[in-house]
Amino acid sequence: MKTASLLATCLMLACTMPGSAQAPVYQGKVLTLLINYGVGGNADTEARVYQRHLAKHIPGKPDIIIQNAPGAGGFTAMNMLGLGINVKPDGFTLGYFTTSAIAPLIDDPALKVRMNDFAIIGGARGWNMVYARKDLVPGDLQKPEDFIKAKSIYLAGYSRASSHDTRLRLAMEIFGLPYTVVTGFPGTAQINKAMLQNEINLSGTSLPGYMTQVLPQLMQTGVSMPLFQYPVIGADGQPRGNPALEKFGLDSMDKVYARTFGKPPSGPKWDALLLMSDIGTQMQRGLMLPKAAPQASVEILRAAFRDLMKDQAFIEDYKKVTSEEPDLVPGEDLLALFARIDKVDPAIKKVLRDSIGND
């Protein structure tokens, strides 16, 4: 008994001796932000704002570096992190991903991990809208619902299975319009160039892309006009647009449809598009660790993200770079969204699979 008591006393003294405190996990370390799109795109630009501000909220203030791993519509980097391909699940590689609302809904084989294979640190909401060349119809577009007169629509996309392309296809089909998809564009800048050259005449973009590229290049030059924003599902179960965008005259798709046809949109394709839009808007970007990462790292980075949400220097820098305020969501609040993805109605999955598989 005396021996045990003496050992316990020694251990207590050792823990209180100067220099015995454990150094912060990230002190003197490098934290890599792994981005699933290329240099210069919206995701890369936003991630570099995080790079400048996140470290000061992490005990130990690690150096943060950027690693871009584009490819497969953003899936290359997600598969790398989730499957541990050239990446250790040690908490020192943090994914900054543009998430796909469709891949986990249809069990896309290109995405070899589930969303639940990640520990979510935080996310950013993001609204998306559709725009078109004014000369899409004879006499030019005067108001959004005029585009129902279009006879030859050429959609610009990124990849057939992407949320971007799928939403555009479903939207045109819901409106009953003929279209041809021109896909494979690497980014918004290339789409805008093609639209300026009249090679395509309709596409969509996120709000940062709209504010920083589409607005100055296409809207203010009089080439294009916005048509509608994609809605989300409100607390009452009905479609809801972004009020801030509505103040600028950019109504949600369901309102434009109702003005055009005198009734709200309905049917399986509308249900599928609305669900995709809701999930994609609630988490357009996600900061993620692999699920096997140490729980201590998950908790440290979640706390840092919550602090970042209140960091005025970060907020002002983000606004300067993207022309909008960050709309951030703590990781804990997104767990229900991950669970919801795993419980999608099979009928909606079929609509989405058919859209990707058929021309």
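The values are calculated or read from the model by the stated rules, or taken from the named source; none is laboratory data. Everything numeric in this text was worked out from a predicted model, so none of it was measured. Don't worry about glycine lacking a Cβ; one is built from the backbone with ideal geometry, like all the others, and counts go over all protein chains shown.
Structure notes:
- Selection count, the range 320-339, where residues are farther than 21 Å from residue 211 by Cα and modelled with pLDDT of 85 or more: 7
- If you go through the range 214-257 and pick out every residue that is of a type outside the set (A, V, I, L, M), buried (at least 19 other Cβ atoms within 10 Å of the Cβ) and under 20 Å from the mean Cα position of the chain (by Cα), you end up with 8.
- Within the range 131-154, not a single residue is touching a Ser or Thr at 6+ places or on another chain (Cβ under 7 Å), modelled with pLDDT under 95 and among the hydrophobic types (A, V, I, L, M, F, W, C).
- Members of the range 116-166 that are among the acidic types (Asp, Glu) and surrounded by fewer than 21 Cβ atoms within 10 Å (Cβ to Cβ): 117, 135, 140, 145, 146
- Within the range 151-185, the only residue that satisfies the criterion of being of a type in the set (A, V, I, L, M), within 13 Å of residue 136 (Cα to Cα) and free of Cβ contacts under 8 Å to residues at least 40 places away in the same chain is 177.
- Residue list for the range 17-37, restricted to those being at pLDDT below 95 and within 22 Å of residue 79 (Cβ to Cβ): 36, 37
- Restricting 245, 227, 250 to residues that are touching a strand residue (DSSP E or B) at 6+ places or on another chain (Cβ under 7 Å) and assigned to a helix (DSSP H, G or I) narrows the list to 245.
- Checklist (1) touching a residue at least 12 places away in the same chain (Cβ under 8 Å); (2) in the same structural domain as residue 346 (by TED's automatic domain parsing) applied to residue 133, failing item: (2)
- Matching entry among 99, 180 (being over 29 Å from residue 323 (Cβ atoms), hydroxyl-bearing (Ser, Thr, Tyr) and either surrounded by fewer than 18 Cβ atoms within 10 Å (Cβ to Cβ) or within 24 Å of the chain's Cα centre (by Cα) (or both)): 180
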